[in-house]
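The values are calculated or read from the model by the stated rules, or taken from the named source; none is laboratory data. Computed from a predicted model, the values in this text were never measured in an experiment. Reconstructed Cβ throughout: ideal geometry from the backbone, glycine too, with neighbour counts over all protein chains shown.
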Amino acid sequence: MTREQVMTVVVKHLAEAVDGLDPANIDASRSMKDLGANSLDIVEVVSSSMRELKIKIPRSELAKLTNLDGLVDLLFRTVQESQAQAKAP
Amino acid sequence: MSTPLCVFEPGPHEGVGVVRMQDAAGKNAMTERFVHEFVAAFRAAEAWAPLRVLVLQGLPDMFSTGAHVGMLRDLVGGRVAPSDILLPKVVFDCPVPVVAAMEGHAIGGGLALGLCADMVVIARESRYGATFMNMGFTPGMGMTRLLTHVLSPALAHELLFTGELKRGSFFDGKSGFNAILPRAEVLPAALDLAARVADKPRVSLEMLKRTLSLPRRQAFEHTHTIESLMHRVSFASPEVLARIEDVHAE
């Protein structure tokens, strides 16, 4: 899975969570709050993304993030680690 | 003297009182102090002679987050009995109809509390859910039955099993909420609904309230017994405390 695919998953769930948000015009350098998500929208976006990507990240790690790019980086890194573990003998 | 967490005040319409939960710092989470002040606010409302309908209001962005994490830790540790269980009874036992104006998010026991009201107005952009199972333990505060007051059993089961927080707009066309409105319109609509009820004779309102709430009051007693037994089992799981801490991590 590529970083772009992870971004697509996150953007899909963000667009579902925030009324009127156009997935084509999301600036990933901004925070989800800046993009119109409230605190519980953010929880649902992250939970749904992790569920779809079949990974789990402690909330203490997620709480350090400041923007969408940071979230996608963390999710992508965790997906890679998960895939590497699955391939390990 | 600190700001009260819950207050009663006469509303803008004749016969309409308002109990407002206003602990912004604590997000209206249920602590022992919160429970005590909630009960006191209802007692003050009931002592107000003109009362015919009571509106239960939270904060604009947060109705209630349910049990405070400290209370959950104590429950898991067996150090306290759940005092928040008093709250549904306070709403059920209020002699006049209660309208819940749920402008803000309502989570777990916070949603249960709102669903104890006789009529419920929610906001399109706020989120509502029964998050108990996300923390690994079975639902409490009567939630296993209260949700079916406003949702079909199948949809109620979906919320109970998944623990998902749904936007108010999700319930459009598939719920029995009295209204699902933009957040800014929730309180005015709840007050208007209350005013349309408040012109009826108090004695008749009291009798109708007791009659209409009877099945839910009976169900609550039954459910509370079962839920308490489930809690004894699920709180004993070593996974539960770790999940509670993870869900409440900043």
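Structure notes:
- Checking each residue in the stretch B:60-69 for being within 13 Å of another protein chain (Cβ to nearest Cβ), part of a loop (DSSP other than H, G, I, E, B) and closer than 14 Å to residue B:25 by Cβ picks out B:61, B:65.
- Residues in the stretch B:43-56 that are part of a strand (DSSP E or B) and in contact with a helix residue (DSSP H, G or I) (Cβ under 6 Å, 6 or more places away or on another chain): B:53, B:54, B:55.
- All positions within the stretch A:1-31 that are over 19 Å from residue B:164 (Cα atoms) and part of a loop (DSSP other than H, G, I, E, B): A:1, A:2, A:20, A:21, A:22, A:26, A:27, A:28, A:29, A:30, A:31
- Looking across the stretch B:146-164 at every residue that is surrounded by fewer than 17 Cβ atoms within 10 Å (Cβ to Cβ) and of a type in the set (Gly, Ala, Ser), the one that is farthest from residue B:215 (Cα to Cα) is identified as B:154.
- Members of the stretch B:172-212 found to be surrounded by 15 or more Cβ atoms within 10 Å (Cβ to Cβ) and more than 21 Å from residue B:96 (Cβ to Cβ), listed by number: B:175, B:180, B:181, B:183, B:185
- Exactly one residue out of B:196, B:216 is touching a residue at least 60 places away in the same chain (Cβ under 8 Å) and in a helix (DSSP H, G or I), and it is B:216.
- The stretch B:96-114: number of residues that are touching a Lys or Arg at 6+ places or on another chain (Cβ under 7 Å) and away from every other protein chain (no Cβ under 14 Å): 2
- Residue tally, condition within 22 Å of residue B:112 (Cβ to Cβ), among the charged types (D, E, K, R) and more than 14 Å from every other protein chain (Cβ to nearest Cβ), over the stretch B:192-250: 7
- So residue B:114, is it at pLDDT 90 or above, in a loop (DSSP other than H, G, I, E, B) and not aliphatic (A, V, I, L, M): no
- Residue within the stretch B:164-172 that is away from every other protein chain (no Cβ under 14 Å), modelled with pLDDT under 95 and closer than 25 Å to residue B:71 by Cβ present: no
- Looking across the stretch A:57-69 at every residue that is within 12 Å of chain B (Cβ to nearest Cβ), without any contact (Cβ under 8 Å) to a residue 12 or more places away in the chain and outside any helix (DSSP H, G or I), the one that is surrounded by the most Cβ atoms within 10 Å (Cβ to Cβ) is identified as A:58.
- Selection within the stretch B:213-248: residues that are loosely packed, with under 12 Cβ neighbours inside 10 Å and of a type in the set (A, V, I, L, M). The member of this set that is farthest from residue B:71 (Cα to Cα) is B:214.
- Filtering the stretch A:12-56 to residues that are within 14 Å of chain B (Cβ to nearest Cβ), over 21 Å from residue B:107 (Cα atoms) and surrounded by fewer than 13 Cβ atoms within 10 Å (Cβ to Cβ) leaves A:20, A:56.
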